Each structure stands twice: as C-alpha cells, then as structure tokens.
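Colleague: Structure below; questions to follow.
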Amino acid sequence: MNNHNRLTGLFFIFLILSLSAAEKGASYTENWPAWRGPLMTGESPEGNPPLRFGENEHVRWKIPVPGRGLSTPVIWENQIFLTTAAGSDEPVNPEELKSMQKDPPMWMRASGQAQRVEKKQRFMVCSVDRRTGKILWQNTVREQLPHEGTHKDGSWASPSCVTDGQCVVASFGSFGLYCFNMNGTLLWQKDFGDMQISNTFGEGSSPVLYGDRVILNWDHEGPSFLAVLDKKTGDLVWKRDRDEGTTWSTPLVVDSGPLVQIVISATGLSRGYDLADGRPLWQIGGMTGNVIPSPVYGNGAVFLSSGFRGNALQAILPEKAKGDIQGTDAVLWANEEKITSYVPSPLLYRGKLYMLYGNSEKLSCVDAATGEIHYSRQDLEGLKGVYASPVAAAGRIYVAGRNGAVDVIAPGPVFSVLAKNVLEDGFDASPAIAGKDLILRGNRYLYCIGE
C-alpha cells in the first residue's frame with residue numbers, strides 16, 4: 001500500500017473511532033450493534049475471542065433458541081438481541097391456508113426449494129444475558145399466517161436487529177417494524193403492508209440506525225421504496241419510491257464529504273441517496289440478479305458486490321459520485337472475476353476484501369485500494385457450504401460453515417489457516433463479536449464462545 005492509501009486508511013479508522021466516541025459513546029466499537037458490526041464491515045476493532053474452541057473448550061454457555069431465524073445476534077454490553085419465528089400450536093383451516101398463502105413457483109416446488117407454512121407464526125424479539133445465557137425478555141410482536149413461503153433454507157426472521165444502547169429496532173418486513181427500549185417495552189410499531197418476494201425466497205434486508213433516524217429498504221416485486229423514520233416516534237421523515245425488484249441487501253450509511261449518504265446495492269441500479277431528504281445523488285448498473293450482499297465502506301470507497309448467475313465487484317468513490325457514474329472517475333475499480341458471494345456479505349479488514357465464492361467454502365482476498373486479487377477461491381477444509389458472512393477481530397478472520405465447522409484464517413495477501421473448530425450445530429446466521437466473546441447462532445443453539 002502506498003503512503004497515500006496508508007494515510008487514507010489511518011484517517012478513516014481515526015474518523016470512525018472519533019465519531020463513535022463523540023457521538024455514540026466510547027463503548028460503541030466494543031459492541032456489535034448491527035448485523036455487520038460497529039463499522040458495518042464485519043470487523044470488531046476491539047474484539048479478541050478465542051482462536052480455538054469446541055463443545056468442550058471455551059463454550060461459556062449454550063442455550064436452545066426458540067423457533068427459527070437467520071438474523072445475526074446484535075450485542076450491546078451485556079445484552080444480546082435476536083429475532084425468531086416459531087410455529088403456533090393453533091390449527092389453521094385448510095381453506096384459510098389456501099386462500100391466504102401464495103403458492104411458490106412450480107420450479108421451486110419441483111426442486112424442493114420451496115418452504116410453505118401450514119401454521120401461524122409467532123414473531124418474537126428476544127434479549128439474552130451475555131454473561132449467563134439467560135433470556136432476559138422475550139416479546140411476541142405478532143402472530144399470523146404468512147402470506148407466502150420462504151426458501152427451504154430461509155426463515156421468517158432473517159433481518160437482524162439494530163441498537164444504539166438506547167433502543168432496539170427489529171424488522172419482520174411484512175410482519176412489522178418494532179422499536180423497544182432496552183428493557184423490552186414497546187415504544188412504537190409500523191406496518192408497511194405485505195412484500196411480494198421474488199420466487200417466494202423470503203425477506204432479508206435489515207433496518208439501520210443512524211443518529212435519530214431509522215432506515216428501511218423495501219425492495220420487492222410490488223411498489224418498492226426507501227423509508228427514513230424518526231427513531232423516537234416512528235414517524236415517517238421521508239419516503240422515496242424505487243424502481244427495483246427484490247433486494248435482500250441492507251443499506252449502508254456513508255458519512256463522507258459534505259453529505260451523509262445512504263447507499264443501496266441492487267440488481268437494476270445501485271444508488272446513493274442524501275440522508276437528509278432522500279434526494280438521489282448517483283447511480284450505477286452492473287450488479288447481477290438477486291442482490292444479497294450488503295455494501296461496505298473503507299479507505300474512502302464503497303464496495304458493492306453480488307454473485308448470482310454472474311459476478312460483480314465495484315469500488316465507488318462516493319465523494320466524486322454524481323449522476324450516472326458508469327465509466328467515470330467515481331469508479332475506482334471494478335471486476336467480474338469468479339470470486340464474489342451469492343449470500344454472504346464481504347468482510348473489509350485491514351485494507352483487504354474477503355469473500356466466499358457463491359455459497360461455497362472457497363475464500364478470496366482482494367486489495368481494496370487497487371482491486372488486485374491476492375488469492376482466489378482457496379478451500380476452507382472442513383466447511384461444507386457457507387451462508388454466514390465472515391467476521392474479523394484481533395488479527396483473525398472467522399468463517400462459519402453450514403455443517404458447524406468454523407475456520408480461522410490469518411488476514412493478509414497469503415492464505416493461511418490458523419485454526420479449525422467444530423461445534424455440534426450448523427451455522428447460517430452470521431457470527432457476532434464483542435470483547436472476548438464470539439456469539440454464534442446455530443440452527444438449534446445460541447453459543448457464547450469465550451475465555
């Protein structure tokens with residue numbers, strides 16, 4: 001890395017930490033307040049979890065999780081927040097089921113990828129004591145029969161919570177947006193109607209908190225929009241219509257230059273919006289279909305990626321971006337190499353981008369400043385399929401597999417495995433790190449891995 005890029009990177013780190021301490025409290029970077037962590041990059045800058053662990057090593061506690069959900073646990077001090085959905089014991093009339101629930105496409109039924117629901121779902125928000133694993137509070141916010149199914153590997157509780165230590169915001173998409181205080185008291189709720197998701201794959205975009213604003217992306221096969229609400233009241237501040245189909249990507253807030261931007265990666269056009277009033281600032285095409293990975297920001301650039309039936313990776317300079325930026329100097333670099341993820345979001349750590357190829361256990365490393373590929377599709381032995389996004393702390397990268405294996409990789413341009421770990425579960429939700437704890441949400445259990 002040249003001196004300019006090194007200084008840019010140091011300035012970015014200093015700026016983030018300064019803003020965190022001054023505006024959000026010094027503890028912000030010690031926690032995991034959103035689904036991609038305090039920097040929205042997948043990094044825990046102050047975390048230091050164990051390198052090696054197993055069912056009989058460094059498991060501080062392990063508890064069963066009620067219902068099912070793929071949302072990442074978020075952490076604030078001694079509280080862990082997560083969403084889940086559980087089937088109700090109340091029977092559903094077959095005629096009601098037939099009239100209310102949309103059938104998955106024929107190809108999904110034939111391939112076994114469709115997941116219909118024949119029970120009402122109880123949509124719940126939970127708070128777990130980080131020290132003991134005890135459930136502090138658990139609120140059922142709604143109970144109803146979903147209007148459509150999900151992918152067989154999906155859930156009705158995939159969006160992650162977000163917190164700033166004052167409140168917790170949880171989105172169930174079609175089943176409501178909810179804001180609680182830290183003790184579990186409901187402060188407000190909103191209902192934006194039903195989403196119509198492409199192929200009934202299920203909903204996934206998480207809400208975002210920035211200052212006194214809640215940001216929600218509502219891309220689906222019906223009228224799509226971006227909404228910003230008042231955190232204290234839930235009142236709508238502004239709403240911007242979007243000409244987009246289903247997007248599972250979570251918006252990213254970029255505080256760079258004179259304007260604070262909301263960046264959304266999408267199949268039609270990726271766009272930047274002015275946080276203040278929703279005014280579109282820039283746009284660019286080039287992503288593949290079914291955009292799921294969330295963008296990340298660092299070293300002055302926003303990194304957009306997708307990996308369904310093709311590959312796309314773009315580095316955008318938001319301070320230069322204005323209007324249609326295709327082919328302009330606002331695009332730092334771009335490539336279409338076969339390295340990008342379908343479901344997992346990229347990790348940005350120490351000037352490098354790390355991503356899984358498709359949903360496979362093959363890791364690649366890209367230089368964030370230049371786009372140079374340091375290594376491509378290196379096998380993570382022991383893992384079998386990856387939906388979870390990689391995370392990093394203390395000079396270690398953690399990648400959790402669908403079969404319960406967790407590999408720990410050294411950061412840097414040379415691929416090196418530091419440790420291989422195995423737990424008796426499977427991991428689709430992305431890990432979270434706070435302090436010396438690694439929080440892993442499995443299909444059956446919630447683990448706290450720590451000293």
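Colleague: If only one of G382, G404 is of a type outside the set (D, E) and over 23 Å from the mean Cα position of the chain (by Cα), which one is it?
Modeller: Values: G404 fails: over 23 Å from the mean Cα position of the chain (by Cα).
Testing whether each residue is of a type outside the set (D, E) and over 23 Å from the mean Cα position of the chain (by Cα) leaves just G382.
Colleague: Something else: Name the residue that is modelled with the highest pLDDT, counting only residues in the stretch 110-138 that are outside any strand (DSSP E or B) and under 21 Å from V92 (Cα atoms).
Modeller: Across the stretch 110-138, the extreme among qualifying residues is K120.
Colleague: Then there's this: Give the residues of the stretch 285-326 that are without any contact (Cβ under 8 Å) to a residue 24 or more places away in the chain and either not aliphatic (A, V, I, L, M) or not in a loop (DSSP other than H, G, I, E, B) (or both), sorted by residue number.
Modeller: If we filter the stretch 285-326 for residues that are without any contact (Cβ under 8 Å) to a residue 24 or more places away in the chain, which is where we start, we get 289, 309, 317, 320.
Passing the criteria: G289, R309, K320.
Colleague: Just need a number here: residues in the stretch 327-341 that are crowded, with 18+ Cβ neighbours inside 10 Å and in a strand (DSSP E or B).
Modeller: Residues of the stretch 327-341 crowded, with 18+ Cβ neighbours inside 10 Å: 330-332, 339-341.
From the residues that got through so far, the ones that are in a strand (DSSP E or B) too are 331-332, 341.
Within the stretch 327-341, residues that are crowded, with 18+ Cβ neighbours inside 10 Å and in a strand (DSSP E or B) number 3.
Colleague: I would also like to ask the following. Check whether at least one residue in the stretch 198-216 is part of a strand (DSSP E or B) and free of Cβ contacts under 8 Å to residues at least 40 places away in the same chain, and report yes or no.
Modeller: Let us first name the residues in the stretch 198-216 that are part of a strand (DSSP E or B), namely 208-210, 213-216.
Still in the running and free of Cβ contacts under 8 Å to residues at least 40 places away in the same chain: none.
No: the stretch 198-216 contains no residue that is part of a strand (DSSP E or B) and free of Cβ contacts under 8 Å to residues at least 40 places away in the same chain.
Colleague: On the phi > 0 side of the Ramachandran plot and touching a helix residue (DSSP H, G or I) at 6+ places or on another chain (Cβ under 9 Å): which single residue out of G204, G165, G133 fits that description?
Modeller: Working: G204 fails: on the phi > 0 side of the Ramachandran plot; G133 fails: touching a helix residue (DSSP H, G or I) at 6+ places or on another chain (Cβ under 9 Å).
Checking each option against the conditions leaves just G165.
Colleague: Test G234 against the criterion of being at pLDDT 95 or above, outside any strand (DSSP E or B), at positive phi and surrounded by fewer than 17 Cβ atoms within 10 Å (Cβ to Cβ), and give yes or no. Don't jump to the end; show me each part of the working.
Modeller: On the way: at pLDDT 95 or above: yes; outside any strand (DSSP E or B): yes; at positive phi: yes; surrounded by fewer than 17 Cβ atoms within 10 Å (Cβ to Cβ): yes.
Yes: the conditions hold for G234.
Colleague: Are there any strands (runs of 3 or more DSSP E) wholly within the stretch 361-433 with 1 or more residues that are of a type in the set (S, T, N, Q), within 30 Å of A157 (Cα to Cα) and modelled with pLDDT of 95 or more, and if so which?
Modeller: On the way: elements: 362-367, 373-379, 391-393, 396-400, 405-409, 417-422.
Ranges flagged: 362-367, 417-422.
Colleague: Specify the residue that is surrounded by the fewest Cβ atoms within 10 Å (Cβ to Cβ); the eligible residues are those in the stretch 342-360 that are part of a loop (DSSP other than H, G, I, E, B) and not hydroxyl-bearing (S, T, Y). Please lay out each step first, then the result.
Modeller: The initial filter retains those residues of the stretch 342-360 that are part of a loop (DSSP other than H, G, I, E, B), namely 342-346, 350-351, 357, 359-360.
Then keep just the ones that are not hydroxyl-bearing (S, T, Y); that gives 343-344, 346, 350-351, 359.
Working: V343: 23, P344: 28, P346: 29, R350: 16, G351: 20, N359: 20.
By that ranking, first place goes to R350.
Colleague: Next question, about the same structure. Residue under question is D241, and the condition is that it be free of Cβ contacts under 8 Å to residues at least 24 places away in the same chain and acidic (D, E); does it hold? Outline the logic, then answer.
Modeller: Working: free of Cβ contacts under 8 Å to residues at least 24 places away in the same chain: yes; acidic (D, E): yes.
So D241 fits the description; yes.
Colleague: How about the stretch 370-408: which of its residues are without any contact (Cβ under 8 Å) to a residue 12 or more places away in the chain and of a type outside the set (D, E, K, R)? I'd like the intermediate steps shown before the answer.
Modeller: The initial filter retains those residues of the stretch 370-408 that are without any contact (Cβ under 8 Å) to a residue 12 or more places away in the chain, namely 372.
Result: no residue meets the conditions.
Colleague: When both residues are 6+ apart or on different chains and their Cβ atoms are under 6 Å apart, which pairs have a first residue that lies in the stretch 146-173 and is in contact (Cβ under 8 Å) with a residue 60 or more places away in the chain, and a second that is among the basic types (K, R) and surrounded by fewer than 24 Cβ atoms within 10 Å (Cβ to Cβ)?
Modeller: Every condition considered, the pairs that remain are S155/R68.
Colleague: Also: Just for the stretch 50-68: of the residues that are assigned to a strand (DSSP E or B) and of a type outside the set (D, E), which one is surrounded by the fewest Cβ atoms within 10 Å (Cβ to Cβ)? Don't jump to the end; show me each part of the working.
Modeller: So the first thing to find is which residues in the stretch 50-68 are assigned to a strand (DSSP E or B), and the list is 54, 57, 59-64, 68.
Next, from what is left, pick out any that are of a type outside the set (D, E): 54, 59-64, 68.
Details: G54: 14, V59: 17, R60: 18, W61: 17, K62: 18, I63: 16, P64: 8, R68: 19.
Checked the stretch 50-68; the qualifying residue surrounded by the fewest Cβ atoms within 10 Å (Cβ to Cβ) is P64.
Residues are listed down the side, and each one gets a yes or a no for (1) closer than 30 Å to H58 by Cα; (2) in contact with a Ser or Thr (Cβ under 8 Å, 6 or more places away or on another chain):
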position	(1), (2)
R131	yes, no
H147	no, yes
T150	no, yes
D153	yes, no
S158	yes, yes
G165	yes, yes
G173	no, yes
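Colleague: What number goes with the only condition from (1) in contact with a helix residue (DSSP H, G or I) (Cβ under 9 Å, 6 or more places away or on another chain); (2) farther than 26 Å from S71 by Cα that A434 does not pass?
Modeller: Only one criterion in (1) in contact with a helix residue (DSSP H, G or I) (Cβ under 9 Å, 6 or more places away or on another chain); (2) farther than 26 Å from S71 by Cα is unmet by A434, namely (2).
Colleague: Quick test of your reading of the structure: R52 fulfils all but one of (1) under 22 Å from A388 (Cα atoms); (2) at pLDDT below 95. Name the failing condition by number.
Modeller: Exception for R52: condition (2).
Colleague: Okay, moving on. Which ones in the stretch 244-262 are assigned to a loop (DSSP other than H, G, I, E, B) and either among the hydroxyl-bearing types (S, T, Y) or touching a Ser or Thr at 6+ places or on another chain (Cβ under 7 Å) (or both)? Let's see the steps before the verdict.
Modeller: Kept after step one, since they are assigned to a loop (DSSP other than H, G, I, E, B), are these residues of the stretch 244-262: 244-251, 257-258.
Across the stretch 244-262, the qualifying residues are E244, G245, T246, T247, W248, S249, T250.
The values are calculated or read from the model by the stated rules, or taken from the named source; none is laboratory data. Keep in mind the model is a prediction, meaning the values are calculated, not measured. Heads up, the Cβs are rebuilt from the backbone with ideal geometry, glycines too, and the neighbour counts pull from every protein chain shown.
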